[in-house]
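Only one structure is covered here, and it is reproduced in the block below.
The values are calculated or read from the model by the stated rules, or taken from the named source; none is laboratory data. The structure presented is a predicted model; accordingly, all values stated were derived computationally and were not measured. With ideal geometry, Cβ positions are generated from the backbone for all residues, glycine too; neighbour counts draw on all protein chains shown.
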Amino acid sequence: MGIEGIGARVLRKEDKRFITGQGRYTDDHKVAGMHYAAFVRSPHAHAKIKKINSKAANQMPGVVGVFDGKQLTGDGIGNIICGWMIHSKDGSPMNMGAWSALATEYVRYVGDAVAVVIAETLAEAKAAAEAVDVSYKVLKAVINAEDALKDGAPQLHPEAKNNTIFDWEIGDEAATDAAFKGAANVVEMDIRNNRLVPNAIEPRSALAEYDAAEDHFTLHTTSQNPHVARLVLSAFYQVAPENKLRVIAPDVGGGFGSKIYIYPEEIVCLWAAKKARVKAIKWTADRSEAFITDAHGRDHVSKAKMAFDADNRILGFKIDTIANIGAYMSLFSSSVPTYLYATLLSGQYNIANIHCNVRTVYTNTVPVDVYRGAGRPEAAFLVERMMETAARQLDVDPAELRRLNFVREFPHQTPVIFCYDAGDYETSLNAAMEAADYANFEKRRKRSARKGKLRGIGMSCYIEACGIAPSAAVGSLGAGVGLWESAEIRVNPVGTVEILTGSHSHGQGHETTFGQLVSDRFGLPSENVQVIHGDTDKVQFGMGTYGSRSGAVGMSAIEKALDKVEDKAKKIAAHMLEASEGDIEIKDGEVSVKGTDKKLLWHEVCLGAYTGHNLPEGMEPGLKEGAFYDPTNFTFPAGCYICEVEVDPDTGTTTIEQFVAADDFGKIINPMIVEGQVHGGVAQGIGQAMMENAEYDDSGQLISASYMDYTMPRADDLPSFKVSTTETLCPGNPLGMKGCGEAGAIGSPPAVINAITNAIGHNNLPMPASPHNVWAAVQAGE
Amino acid sequence: MAKVEMTVNGRMTSANVEDRTLLVDYLREEKNLTGTHVGCDTSQCGACVVHVDGKAVKSCTVLAVQAAGSDVRTIEGLAGDDQLHPMQEAFRNNHGLQCGFCTPGMIMSAVDMVNRLGPKLSEATIRAELEGNICRCTGYHNIVKSIAAGAKAMGKGMKKAAE
Amino acid sequence: MYDTTYTRAKDASDAAKKMRAAEDGQFIAGGHTLLPTMKQRLAAPSDLIDISHIKGMADISVSRKDVTIGAAATHASVANHSKLMKVCPSLCELASHIGDPAVRNRGTIGGSIANNDPAADYPAAMVALGATIVTNKRKIRADRFFTGMFETSLKEDEVIKAVTFKAPKSGAYAKFPNPASRYAMAGVYVADHGKKDIRVGVTGASSGGVYRAKNMEKALAKDFSADAIDGCKVDEGDMLSDIHGSAAYRANLVKVMAKRAIAAAG
């Protein structure tokens, strides 16, 4: 592997600029003639817009324009799309309501954008936004998904009767019902998966520039996928054709899914720059604005039951889920409670019969879409809470119940689409139990009891699907795009290498890990390798970074392009050295003929490619290759997490005494970075389990709308984590990688709740297990 | 509107700014020191931490006029040209950052922590002292390691200087 | 933030004069409550009169048991004051847990008590310590100073100069922080002034703001032990209730924190 190759703990190249304050995030960019946008937002969860009076605002100092939704749609700006078509079980397509970037007739959540003010300074824009007088006819709002389905509930969109977007199913219901008939035991649960706010610490931002002479736009934006942003802004929102729009996602301060989508603000800033005849418009969200405009995550309620035979083998699993999608369908919203969720309901277990029904509903809340894990945390939470609860009810050891039901032969076809390609769940389970000293837990429990504290332990054997995804497969399931990735390797005449990738790094360290592939292949030092990403003018196309796909898909594309570069370099070297191509070896920056002392330095071969003085007959000069990689299957990271807690029954305060993660991510390029991904994911999962909750009041105001009320995990809430990995190679991609970005957030919530419910002795505990909720659960008893 | 003068990273600076201008905006907008970030509007996240007269403060919760006459240090001025402060180095060596957005505030708070409490910091102390700095990427695990290592390195530097 | 005009006061009477001249003025010291409120556009003072540069305003003096803390003393300076630590360590301890280190470098005791946030820590200490609030006009007993949530008996042009108190025989503060904001959800300051004079200040929990738990004080005067307050009722009806905790939970926390403070005060 070399000191900078595959498997090495290479320190990050990108760090220098971040630790010295030289990072360049969107809001750090300034251009001459820059104006500012401030949005006028609905204070009501549901209302009809009666009138927008912007006369006073228009006359305020510095204001160059006040625009509303009628002007926006009048200019032909298209409605915001959802890119994944889901059909209900009756075959009808999903009932999608219209979403204009600025509301035209109705507002449907607090924060819905109604108008925008463009002014010379931010202060002027904000002052004028306050002066825009919007009169509303306030309508009844509905917040909870269950309530939205009730007769007489307020209706959000004429397209969606009873607020139902689709009523979808997966699996064989009749077979599953039959399996339950033969069951010795059935375990039932009601489970709510709390709504979260992603909270990347960099708030979203957009800087839209318009060059009137060229009729050309440039957008700097906080995006995980600038190429998708350009495609959608062009093809669907008609902001500008692709050749007239450059999208740059510079340094981005965390995404976690929330920066995948193309939000109203980017669309409006681009459109308004041209409309107001200004050179550029910048908008950056306040945190308060972020809370009510960034897509939220999760928010499922489910009824689940699992059937067991007399030997405790699982016979069937049946789930009925209602998913709250918020006021509008965001870009990938429909895929989350369907193909990213219900396809994982087999967990790590051999379950012959599964059926899941999902009703997805509109409510007067912020749109819900992908957030770290996206559907898979909801599935893992259901499966692993169910396994733990079943073990308690069946009176068997939770680890043994899991072992008994593990999938042990691969490939394994589940009844819910996925075919697991490789894994070894027992090895992860054993590793986690050993690291946690599971065997001696009872001793520790007694020690806690002597102090008046309740100690509990819980595990979670999660599986997830990432490396999203084979284009044909997702196409058949309704995706509007292919989910391949592209790469280009440019070898310069002096032998340095540029990797152009369609993946985007917003914390994942691609500038380091992607370079490791080149170091590994050609033995070049990392300073000779540059990763270029995030600019549609530089990289031809790409699908971006989400769903833990940059390794398994993005790096596979790089490997493919490197194969082509290596192939051509070898041909050139063979020609120059008068040897056979098959005998050429590239190692440590040298290109040699095996078994001889004939060799060239790497840069001599590269220079040869560009001088073109002595190339094989018919070969084009240059050394630059591109590749598109389309995966053959999803990848299936899996592992076992164990959480041990101590509860103070007097206050409900829960401290995490230890948290163990044993993951199988397949091949690992840089263990340091992988561990960091697990730490961060686990912290977000613990956040969901114990702290975070997007809470609305009945009128639709988000109450937990700042860090004063939305509990973000802080350093003193968390322990140091015990992280380890095991390895089964993924057979589906050239490197054997599975992906590691989301696992922590997927596997940890059930482990935490299993531990706390173990400590308090019953299951009657809502998530998040805040001090108040734990205290109330201890008080209430079972 | 007032003329505000303050020393920033060792240099005398001035600008005509409105009285309502926050220190963070003075630094970012007037002085183009964009290493200091804004991550919230309730003085909680700590992305904006700078040192004013040697003490860590949240520059989003101080007016530029309040800081007039002060000596301000930002992440850009923590170390000399082309050098890294031991705490910066420790963050890199211990993978104490991912997206990098909270990092300048983290490092400024970490240096302040060592200045106040000395170079020997327990894990519990570091975690408690980080109450005012929120990170969404790292789960704090490697930040805590980085600060412990950076503190130790600063301690060595202090000892050396004393000798 | 709305536009505003900032001036620095030379002394307390200058501050009062400037305030009288202002259309809708506000005193500012650390500004750690006021500025966030202004940023949210929830406050729009025409003038900010900075009192933190007034000479002596940030001084802390300790003479035997007599303590005087200048209104502009930061939480950090209270937390780390070595003489104060000797005579009244519980107040240093309280100050060392207000906000976070950066907040403690700016936030001041005067600002905290003038604002009387129902979740602020200092008010509990002030009533338990039997402190006196010294202004440019008069001296006000803490019991009379705090008049309700965000309400005090301060007049518009009245500037807090200092707080004074006699250090108790023993004391302790126990706080249960709000998991999100880290403000007190229940904070109880117990001070034993000797001769059966026990005072218990409670913050964070009550809808009326800081209060003295007189029933606990009585019980503790008889028997200064955690068990002594077992029979003391904390009225749920008076407690705040929000997404972080029901009134019943807060009532419970008041009791639990009181016990912890009593045990710590020993």
*Across segment A:488-507, what is the total count of residues that are away from chain B (no Cβ under 14 Å), under 28 Å from residue B:97 (Cβ atoms) and of a type in the set (Gly, Ala, Ser)?*
2
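Is it the case that residue B:115 is in contact (Cβ under 8 Å) with a residue 24 or more places away in the chain and more than 12 Å from chain A (Cβ to nearest Cβ)?
Considered against the rule, which asks whether it is in contact (Cβ under 8 Å) with a residue 24 or more places away in the chain and more than 12 Å from chain A (Cβ to nearest Cβ), residue B:115 comes out as yes.
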*asked:* Looking at segment C:9-38 only, could you name the residues that are touching a Ser or Thr at 6+ places or on another chain (Cβ under 8 Å) and within 20 Å of residue B:59 (Cα to Cα)?
replied: C:28, C:29, C:30, C:31, C:32, C:33, C:35, C:36, C:38
*Spot the failing condition for residue C:130; the list is (1) at positive phi; (2) surrounded by fewer than 20 Cβ atoms within 10 Å (Cβ to Cβ); (3) more than 14 Å from the chain's Cα centre (by Cα); (4) not hydroxyl-bearing (Ser, Thr, Tyr), and only one is missed.*
(3)
*Filter segment A:630-646 for residues that are among the hydrophobic types (A, V, I, L, M, F, W, C) and either within 20 Å of the chain's Cα centre (by Cα) or within 14 Å of chain C (Cβ to nearest Cβ) (or both) and give the result.*
A:634, A:636, A:638
_Unmet requirement for residue C:2, which otherwise passes all of (1) under 22 Å from the mean Cα position of the chain (by Cα); (2) within 14 Å of chain B (Cβ to nearest Cβ); (3) surrounded by fewer than 19 Cβ atoms within 10 Å (Cβ to Cβ)_ = (1)
*Being farther than 14 Å from residue C:7 by Cα and either part of a strand (DSSP E or B) or without any contact (Cβ under 8 Å) to a residue 40 or more places away in the chain (or both) is the filter here, so list the residues in segment B:48-67 that pass it.*
B:49, B:50, B:51, B:52, B:53, B:55, B:56, B:57, B:58, B:59, B:60, B:61
*So how many residues does segment B:18-32 have that are outside any loop (DSSP other than H, G, I, E, B), more than 11 Å from chain A (Cβ to nearest Cβ) and within 14 Å of residue B:66 (Cβ to Cβ)?*
4
_Residue satisfying condition, being in the same structural domain as residue A:369 (by TED's automatic domain parsing), outside any loop (DSSP other than H, G, I, E, B), over 21 Å from residue A:172 (Cβ atoms) and modelled with pLDDT of 95 or more, within set A:301, A:358_ = A:301
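Out of all the residues in segment B:1-16, which are closer than 15 Å to residue B:59 by Cβ, surrounded by fewer than 20 Cβ atoms within 10 Å (Cβ to Cβ) and either among the aromatic types (Phe, Trp, Tyr) or more than 16 Å from the chain's Cα centre (by Cα) (or both)? Walk me through it before giving the result.
Within segment B:1-16, the first condition is being closer than 15 Å to residue B:59 by Cβ, and the residues that meet it are B:4, B:6-9, B:13, B:15.
Of the ones still in play, those that are also surrounded by fewer than 20 Cβ atoms within 10 Å (Cβ to Cβ) are B:7, B:9, B:13, B:15.
Hits for segment B:1-16 are B:13, B:15.
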*For residues that are closer than 23 Å to residue B:42 by Cβ and among the hydrophobic types (A, V, I, L, M, F, W, C), scanning just segment A:253-303, find the one that is nearest to the other protein chains (Cβ to nearest Cβ).*
A:256
_Residue match in segment C:237-247 (condition: in contact (Cβ under 8 Å) with a residue 60 or more places away in the chain, within 24 Å of residue A:696 (Cα to Cα), out of contact with any Pro (no Cβ under 7 Å at 6 or more places or on another chain) and not in a loop (DSSP other than H, G, I, E, B))_ = yes
*Identify, please: which residue in segment A:578-604 is within 41 Å of the chain's Cα centre (by Cα) and in contact (Cβ under 8 Å) with a residue 24 or more places away in the chain and is, among those, surrounded by the fewest Cβ atoms within 10 Å (Cβ to Cβ)?*
A:588
*Determine if segment A:148-168 includes at least one residue that is of a type in the set (A, V, I, L, M, F, W, C) and either on the phi > 0 side of the Ramachandran plot or in a helix (DSSP H, G or I) (or both).*
yes
_Only one of C:206, C:181, C:246 is among the hydroxyl-bearing types (Ser, Thr, Tyr) and more than 20 Å from the chain's Cα centre (by Cα). Can you tell me which?_
C:246
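Residue by residue, here is whether (1) part of a helix (DSSP H, G or I); (2) within 21 Å of residue A:192 (Cα to Cα); (3) in contact with a Ser or Thr (Cβ under 8 Å, 6 or more places away or on another chain); (4) assigned by TED's automatic domain parsing to the domain that holds residue A:732 holds:
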position: A:645; (1), (2), (3), (4): no, no, yes, yes
position: A:650; (1), (2), (3), (4): no, no, no, yes
position: A:663; (1), (2), (3), (4): no, no, yes, yes
position: A:669; (1), (2), (3), (4): no, no, yes, yes
position: A:674; (1), (2), (3), (4): yes, no, yes, yes
position: A:677; (1), (2), (3), (4): yes, no, no, yes
position: A:680; (1), (2), (3), (4): yes, no, yes, yes
position: A:689; (1), (2), (3), (4): yes, yes, yes, yes
*asked:* Residues that are facing chain B (nearest Cβ under 9 Å) and polar (S, T, N, Q): does segment A:689-702 have at least one?
replied: no
*Which residues, counting only those in segment B:33-71, are facing another protein chain (nearest Cβ under 7 Å), within 16 Å of residue C:74 (Cα to Cα) and surrounded by fewer than 24 Cβ atoms within 10 Å (Cβ to Cβ)?*
B:55
*Could you tell me whether segment B:93-108 includes any residue that is within 14 Å of chain C (Cβ to nearest Cβ), among the hydrophobic types (A, V, I, L, M, F, W, C) and touching a His at 6+ places or on another chain (Cβ under 7 Å)?*
yes
*In segment A:463-483, which residue that is closer than 19 Å to residue A:636 by Cβ and not small (Gly, Ala, Ser) is surrounded by the fewest Cβ atoms within 10 Å (Cβ to Cβ)?*
A:477
*Return only the number of the condition from (1) closer than 22 Å to residue A:660 by Cβ; (2) away from chain B (no Cβ under 14 Å); (3) touching a Ser or Thr at 6+ places or on another chain (Cβ under 7 Å) that residue A:728 does not satisfy.*
(3)
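Return yes or no: is residue C:106 crowded, with 24+ Cβ neighbours inside 10 Å, charged (D, E, K, R) and facing another protein chain (nearest Cβ under 9 Å)?
For residue C:106, the condition - crowded, with 24+ Cβ neighbours inside 10 Å, charged (D, E, K, R) and facing another protein chain (nearest Cβ under 9 Å) - is met.
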_Scan of segment C:5-35 for residues that are at the interface with another protein chain (Cβ under 10 Å from one of its Cβ atoms) and either closer than 17 Å to residue C:108 by Cβ or touching an Asp or Glu at 6+ places or on another chain (Cβ under 6 Å) (or both), ordered by number_ = C:5, C:6, C:8, C:28, C:29, C:30, C:31, C:32, C:33, C:34, C:35
*Residues that are in contact with a helix residue (DSSP H, G or I) (Cβ under 9 Å, 6 or more places away or on another chain) and of a type in the set (D, E, K, R): find the helices (runs of 4 or more DSSP H) completely inside segment A:365-477 holding 1 or more of those.*
A:376-394, A:398-405, A:425-435, A:441-450
*How many residues are more than 14 Å from chain A (Cβ to nearest Cβ) and either out of contact with any strand residue (DSSP E or B) (no Cβ under 9 Å at 6 or more places or on another chain) or farther than 27 Å from residue C:28 by Cβ (or both) when one looks only at segment C:145-178?*
11
*In segment A:342-351, is there at least one residue being at pLDDT 95 or above, assigned to a helix (DSSP H, G or I) and of a type in the set (Val, Ile, Thr)?*
yes
